[in-house]
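Take a look at the structure set out below.
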């Protein structure tokens, strides 16, 4: 016995919930990208303590499950005397977490530019930041694109974890619809198709970019493999 | 601002130990089954009959482009409808194995593709039987080539087990959530859990590196 059947209304409810998944993914992409630039800069900075700081950041966020990070932000901030709403907790956690992955991608791209270019820029009298901006980044940028598109797929999938702190995105909407219709095959099948429709084009695009970029610079920049729980 | 109090957290250290054991069992079983799926799938896709290629490819793409959480719910809610009743933990193992299987197929296939065709022809011309060729000329060198990627995926799998509490399976994160409700020391508990996961992940990396050395050192 179920309260209602899976019909067009339920389908539209799921489609409507997908916009929150998309919005959260876009926020994560933008915020994580910005943090990633900062982390990558620290990671290759000439000062050793700064590099260690970046390594610790990356190790923590890649080496623990994102769900724990999310719980820590959502439930744990009561220690500081406030309770964020699920949206804030999820957006902040995902941005900080994605920052570690973006940081590794950016660093990989920067390090793929041959070492000799740093040395020649130095011999021309350019400082660290100027070398980075004028010589290294223009070449590194095109190497960053394929793994960044790949990371976007991971981010879309990872947003589903936010349903576990009660954020009303696609996965949580699916649980709600499943509770009233009890047609799990239809509900989770539909939601899987929606996620697939969001992710697959990006995956194909990433693969195509990767193939096209092969052999541009000897070292290929790879998407870091560790993306917890996606 | 409250003070950090770890006392009530460590009073429940036996619960943490149970959690660690459950998490390791979930991870180990799903890694075993997932790798088996990966091996069979990769061999089937590269050397099996052509009919197999499309379904295996579809399986890989579907799993890799949908969230683990949805796969988990799908397995947990639909299996009983077709008459398969599993406990939460076994449903989690099934979902996690199916999940890892898709990634393992992709990874192992990359290894198989890296083996030169001439090597297989050489083995044939030496009169090796098909089973010997698959084992010694294809699978072992392929696994050696992709071992680092494969174990990175295993590490990911260990962290992925943290979300199976969503279907009421028992593991470290779910046990932590129970403790949070009992003690209200949420921040302390999640800090401890994060450290435990971190230690598990780092030890697993070391362990996999060690196993890799043992397994492949004579097979250069």
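The values are calculated or read from the model by the stated rules, or taken from the named source; none is laboratory data. This one's a predicted model, so the numbers in the text were calculated from it and none came from an experiment. Here the Cβ positions follow ideal geometry from the backbone for every residue, glycine too, while neighbour counts run over all protein chains shown.
Just one of (1) away from chain A (no Cβ under 14 Å); (2) in a helix (DSSP H, G or I) fails for residue B:70. It is (1). Being within 8 Å of chain B (Cβ to nearest Cβ) and under 25 Å from residue B:82 (Cβ atoms) is the filter here; which residues of segment A:164-186 pass it? Hits for segment A:164-186 are A:171, A:174, A:175, A:178, A:184, A:185. Under 8 Å by Cβ, and 6 or more places apart or on different chains, what pairs join a residue from segment B:135-160 that is over 19 Å from residue B:46 (Cα atoms) and away from chain A (no Cβ under 14 Å) with one that is part of a helix (DSSP H, G or I) and at pLDDT 90 or above? Listed pairs, sorted by first residue: none to list.
Residue pairs whose Cβ atoms lie under 6 Å apart, sitting 6 or more positions apart in sequence or on different chains, and linking a residue in segment A:84-106 that is in contact (Cβ under 8 Å) with a residue 40 or more places away in the chain to a partner that is part of a loop (DSSP other than H, G, I, E, B), are A:86/A:166; A:86/A:167; A:90/A:167; A:101/A:224; A:104/A:224. Within segment B:65-86, the set of residues being surrounded by fewer than 20 Cβ atoms within 10 Å (Cβ to Cβ) and touching a residue at least 12 places away in the same chain (Cβ under 8 Å) comprises B:79 only. Of the residues in segment B:36-56, how many are part of a helix (DSSP H, G or I) and out of contact with any helix residue (DSSP H, G or I) (no Cβ under 7 Å at 6 or more places or on another chain)? Counting residues in segment B:36-56 that are part of a helix (DSSP H, G or I) and out of contact with any helix residue (DSSP H, G or I) (no Cβ under 7 Å at 6 or more places or on another chain) gives 7. Could you tell me whether segment A:32-45 includes any residue that is within 13 Å of chain B (Cβ to nearest Cβ), within 13 Å of residue A:97 (Cα to Cα) and surrounded by 15 or more Cβ atoms within 10 Å (Cβ to Cβ)? No, segment A:32-45 contains no residue that is within 13 Å of chain B (Cβ to nearest Cβ), within 13 Å of residue A:97 (Cα to Cα) and surrounded by 15 or more Cβ atoms within 10 Å (Cβ to Cβ).
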